[in-house]
Amino acid sequence: MSDPPYVIRSFRPDDFGGYVQLNVEAEELAPTGRCTSSQVLAQWLGRPNYLPERDLFVAEAAGKVVGYMDVRPELGIGRAVLDCLVHPEHRRNGLATELFHRASRRARESGARVAHVNVAEDNVAAKALLSKLGFGFVRRFLDLRLELPEVHLLAAEQVALPCRHLQRGEEDKLAQIQNRSFAGTWAYNPNSAEEIAYRLGMIGCSPEDVVLIFQGDRPIGYCWTAVSLGEDAAGTNKGRILMLGVDPDYRGKGIGKRALLAGLAHLKSKGIEAAELTVDSENAAACALYESVGFKVSSTSAWYEKTLD
């Protein structure tokens, strides 16, 4: 039987059910850890500075959504991040190639100068396709994991410098310390207070999951954590370190480790059994910090880049 004809088009609001179903089916057939919660997916599509009817393309076959390409413009650093998913039963039919072409045009129109794609290091097919499309490898990131029951952690109140949780209305404080901490870091796009407030309002996130370290009234470091939805395949309750930053003026004083330990203690207090995070393999200081606490590499991913003509 011949393959069904495919239609690639812009996302429409009535595609949402099919979009969710695609994520669910793809994750069941080829698990990657991708979120399949309809509530979280809806929140993801509603994030600031993003419009799914403009920035999301779907591949349709016989009235069913069988693939999509998400285009996330980050014009503060002149790039667009592309995220592609094709149903396992419809792969190797050229859908990803067509979706990438459509996404590249959208990225150029948005004003992005380069396109970035992140894929699992062991995804040979995706890496081969990206190479064929003109993308080149630029960075390797490490996925780390720490089993919390095996680690003795400081409680937040034991940290030498004043430490407390973020409060509603303080999103600008987090935006300032975050943008200052990561200025000039590879692929970091400065965040606005609006974007941070939206992220903190998503399922599994809240202001109390951000620990701030102070010098007087000035935030000089932070650890932003989040609780993952559901258990992993082994039945473990997981959490994540989303961001860990220290003001450049206060580096080399152990602030990062204090913030990290306070964040991990917060996760542990919520019954979290394992903490995960992702770090740039070229960030030697961060890698050394996480290793000193006991994090170990669980997997790796590769970033690919293509200059947009």
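Laid out as a table, the results:
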read-out: Neighbour cut-off at most 11 other Cβ (10 Å), DSSP loop, GluC sites (Glu not before Pro), the stretch 1-54; value: none
read-out: The stretch 171-217, Cα convex hull volume normalised per residue, Å³; value: 88 Å³
read-out: Simple Cβ-charge dipole of the chain, Lys/Arg +1 and Asp/Glu -1, about Cα centre, in debye nearest 20; value: 660 debye
read-out: Angle in degrees between helix 16-29 and the longest Cα principal axis of the chain, rounded to the nearest 10; value: 80 degrees
read-out: Percent RCO, i.e. relative contact order, over the chain, from Cα pairs under 8 Å lying at least 6 residues apart; value: 21 percent
read-out: Alpha carbon convex hull of the stretch 6-112, projected area averaged over orientations, nm²; value: 6.5 nm²
read-out: Length released on extending from Ala183 to Ser131, taking residue separation times 0.36 nm less the Cα-Cα span; value: 15.7 nm
read-out: Flagged links, alpha-carbon separation over 23 Å, of Lys127/Lys296; Lys173/Lys270; Lys127/Lys306; value: Lys127/Lys296; Lys173/Lys270
read-out: For the chain, with +1 on Lys and Arg beta carbons and -1 on Asp and Glu, the positive-most of Tyr68, Cys205, Val138 along the dipole; value: Val138
read-out: Difference of contour (0.36 nm per residue) and Cα-Cα distance, Arg34 to Asp172; value: 46.7 nm
read-out: Whole-percent pair-distance distribution, where bins are 10 Å wide, for the alpha carbons of the stretch 144-302; value: 11, 42, 39, 9, 0
read-out: Additional length obtainable on full extension of the chain from Arg105 to Ile203, 0.36 nm per residue less Cα span; value: 32.1 nm
read-out: Farthest toward positive dipole pole in the chain [+1 Lys/Arg, -1 Asp/Glu at C-beta], among Ala274, Ser37, Asn189; value: Asn189
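Values quoted throughout were computed directly from the atomic coordinates according to the rules given, and no laboratory measurement underlies them. Please read these numbers as outputs of a predicted model, since none were measured by experiment. Note that each Cβ is placed from the backbone with ideal geometry, even for glycine, and that neighbours are counted across all protein chains shown.
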